[in-house]
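To keep things clear, I will list the structure first and then write my remarks on it.
The values are calculated or read from the model by the stated rules, or taken from the named source; none is laboratory data. A quick note: this is a predicted structure, and the numbers were derived from the prediction, not measured. Counting neighbours? That spans all protein chains shown, and the Cβs are built from the backbone with ideal geometry, glycine included.
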Amino acid sequence: MIGLLSRDLNLAIRAGGGFGLGLAFFLIFTALVPFGVGPETGILRIIAPGILWLGALLACLLSLDRIFQLDWEDGSLDLLATSPLPLEGVAAIKALAHWITTGLPLVALSPILGLLLNLPGPAYPWLVASLAIGTPALSAIGTFGAALTVGIKRGGLLLSLLVLPLYVPTLIFGAMAVSRGAAGLDATTPLAMLGGITLATVATLPFAAAAALRVNLR
Amino acid sequence: MQLVVEHLACARGAAQILSGVGFAVATGEALILHGPNGSGKTTLLRTLAGLTPPLDGRITCAPDAIAYAGHADGLKSSLNVAENLTFWAGVFGTHSIAPAVAAFDLTALLDRKAGELSAGQKRRLSLARLLVTGRPVWCLDEPTVSLDTANVARFAAAVQAHLADGGSAIIATHIDLGLPNARSLDITPFVAKRIRADDPFGDEAFA
């Protein structure tokens, strides 16, 4: 299990591994928003929580199809399925590796991008906390979607269509936590909901992903 | 008997490919599967490996005994030869890659990236993986593709050593490996191509 995680992280940071793709997308997306909507700080201040969460979500979505597709193409997935590792464990490790290479850097970078969007001061701790709590759900849901579409050539479109509706609750509660924080209100309720979504997806979806992989490997 | 197969029916997707397959493989024995292209050798091996559930029949084998090697090499091109092997050794809980490296003459290539190897060298690395699995029953699908004669002999020697060590092997191949205690099985009589009776989409797909 640890071997699989370190291999996946190793592959991600080597040339062509796609590490930084989500991060660069998040950076570009947020940096371009002020040019698109105009530099009035009043408007940016209002939309910043939603934009930051939307950027993080789309950045996660961008790298989802790599989770299983590369292992499927080179035959490693067949070999992993016949190995002593349970497929549920493989799916959970893949989700964890995706979160470490995509979600975690987004959490770390988000305060800087908050500055670009003139996010109000009290919102920063909520922004970091909500992304740290919410992005594991994005990786878990995304891994399930990737497992469903693994055998499909150019499955990225179908994957996005499947996963986007499942991302909506996470987006709503995540953005709400940040905007309540920005307004100086208590945001523990949306944060608790976000935590609930993450715990539920992390606990159940690796099993669903493993079942989907078994069907797709037939 | 290390592996016993009775009345096995195998399917690939919506199509049933084989039915009534029965054979037994004893310890120290190799079974060579023959059959024309498309006759179902790969389907049979994937069913034995547990990737595809059988439609009918029984496979009797110790749990976690089968090591499968398919057409794809299953290598990561940005990892080097040693890293590729070490990863699989870790997954299968065996810790030395040295015997596998020696058996397939990979010592000189250990630091090369798998992506920079020739097709034959990749194949050798992928076959060396079988040795680090430590599993007794090998299910091999066209293992000698892109190997030259010297390396086919090296592969045959590795299979021979595996059989002498109490293992067994089921190998789909079109060439003669020169294994002394090998039996061959022609799967042509078991071919039963039809749409699966239990497939709800079968009618629509072939209408």
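I'd like to check something: does region B:112-124 contain any residue that is in contact (Cβ under 8 Å) with a residue 40 or more places away in the chain and either over 26 Å from A:Arg66 (Cα atoms) or touching a strand residue (DSSP E or B) at 6+ places or on another chain (Cβ under 6 Å) (or both)?
Checked region B:112-124: no residue is in contact (Cβ under 8 Å) with a residue 40 or more places away in the chain and either over 26 Å from A:Arg66 (Cα atoms) or touching a strand residue (DSSP E or B) at 6+ places or on another chain (Cβ under 6 Å) (or both).
Taking region A:117-131 only, how many residues are assigned to a helix (DSSP H, G or I) and either surrounded by fewer than 17 Cβ atoms within 10 Å (Cβ to Cβ) or not aliphatic (A, V, I, L, M) (or both)? Step through it out loud before you land on a result.
The first filter runs over region A:117-131 and keeps only residues assigned to a helix (DSSP H, G or I), leaving A:121-131.
After this cut, where a residue has to be either surrounded by fewer than 17 Cβ atoms within 10 Å (Cβ to Cβ) or not aliphatic (A, V, I, L, M) (or both) as well, the list is A:121-122, A:124-126, A:128, A:130.
Within region A:117-131, residues that are assigned to a helix (DSSP H, G or I) and either surrounded by fewer than 17 Cβ atoms within 10 Å (Cβ to Cβ) or not aliphatic (A, V, I, L, M) (or both) number 7.
Just for region A:156-176: of the residues that are touching a Gly at 6+ places or on another chain (Cβ under 6 Å) and among the β-branched types (Val, Ile, Thr), which one is farthest from A:Leu54 (Cα to Cα)?
Only one residue tops the list, namely A:Val163.
Scanning region A:132-158 for residues that are within 14 Å of A:Leu199 (Cα to Cα) and not small (Gly, Ala, Ser), which turns out surrounded by the most Cβ atoms within 10 Å (Cβ to Cβ)?
A:Leu138
Can you list the strands (runs of 3 or more DSSP E) found entirely within region B:28-113 that contain at least 2 residues being closer than 22 Å to A:Leu87 by Cα?
Numbers: elements: B:30-34, B:56-61, B:66-69.
The strands (runs of 3 or more DSSP E) meeting that bar are B:56-61, B:66-69.
Does region A:94-116 hold any residues that are of a type in the set (A, V, I, L, M) and either under 12 Å from A:Gly174 (Cβ atoms) or surrounded by fewer than 21 Cβ atoms within 10 Å (Cβ to Cβ) (or both), and which are they? If you could, list the steps in order and put the result at the bottom.
In the first step, residues of region A:94-116 are kept if they are of a type in the set (A, V, I, L, M); the result is A:95-97, A:100, A:104, A:106-109, A:112-113, A:115-116.
Result: A:Ile100, A:Leu104, A:Leu106, A:Val107, A:Ala108, A:Leu109, A:Ile112, A:Leu115, A:Leu116.
Take the residues of region A:14-37 that are more than 14 Å from A:Leu104 (Cα to Cα) and within 14 Å of chain B (Cβ to nearest Cβ): which is surrounded by the fewest Cβ atoms within 10 Å (Cβ to Cβ)?
A:Ala15
Which condition breaks for B:Thr94 when tested against (1) more than 10 Å from every other protein chain (Cβ to nearest Cβ); (2) free of Cβ contacts under 8 Å to residues at least 12 places away in the same chain; (3) more than 17 Å from the chain's Cα centre (by Cα)?
So the condition that B:Thr94 fails would be (2).
Looking at region A:56-91, which of its residues are of a type in the set (Asp, Glu) and within 11 Å of another protein chain (Cβ to nearest Cβ)? Explain how you work it out, then say what you get.
Of the residues in region A:56-91, the ones of a type in the set (Asp, Glu) are A:65, A:71, A:73-74, A:78, A:88.
Listed by number, the residues that qualify are A:Asp71, A:Glu73, A:Asp74, A:Asp78.
Mind listing whichever residues of region B:115-134 are within 10 Å of chain A (Cβ to nearest Cβ) and either buried (at least 23 other Cβ atoms within 10 Å of the Cβ) or among the polar types (S, T, N, Q) (or both)?
B:Ser126, B:Arg129, B:Thr133
Can you find even one residue in region A:38-45 that is of a type in the set (A, V, I, L, M, F, W, C), part of a helix (DSSP H, G or I), more than 14 Å from chain B (Cβ to nearest Cβ) and surrounded by 17 or more Cβ atoms within 10 Å (Cβ to Cβ)?
Taking every residue of region A:38-45 in turn, at least one turns out to be of a type in the set (A, V, I, L, M, F, W, C), part of a helix (DSSP H, G or I), more than 14 Å from chain B (Cβ to nearest Cβ) and surrounded by 17 or more Cβ atoms within 10 Å (Cβ to Cβ).
Could you tell me how many of the residues in region B:48-103 are among the β-branched types (Val, Ile, Thr) and at pLDDT below 85?
Selection size over region B:48-103: 1.
Taking region B:43-65 on its own, how many of its residues are touching a Cys at 6+ places or on another chain (Cβ under 8 Å) and facing chain A (nearest Cβ under 7 Å)?
Residues flagged as touching a Cys at 6+ places or on another chain (Cβ under 8 Å) and facing chain A (nearest Cβ under 7 Å) within region B:43-65 amount to 2.
Which ones in region A:159-180 are more than 18 Å from A:Thr135 (Cα to Cα) and surrounded by 17 or more Cβ atoms within 10 Å (Cβ to Cβ)?
Correct list: A:Arg180 only.
Answer with yes or no whether B:Arg135 is among the basic types (Lys, Arg), in a loop (DSSP other than H, G, I, E, B), touching a strand residue (DSSP E or B) at 6+ places or on another chain (Cβ under 7 Å) and modelled with pLDDT of 85 or more.
Values: among the basic types (Lys, Arg): yes; in a loop (DSSP other than H, G, I, E, B): yes; touching a strand residue (DSSP E or B) at 6+ places or on another chain (Cβ under 7 Å): yes; modelled with pLDDT of 85 or more: yes.
Criteria met by B:Arg135.
Here are the criteria: (1) within 27 Å of B:Leu51 (Cβ to Cβ); (2) in contact (Cβ under 8 Å) with a residue 40 or more places away in the chain; (3) out of contact with any helix residue (DSSP H, G or I) (no Cβ under 6 Å at 6 or more places or on another chain); (4) not hydroxyl-bearing (Ser, Thr, Tyr). Tell me which single one A:Arg180 does not satisfy.
It is condition (1) that A:Arg180 fails.
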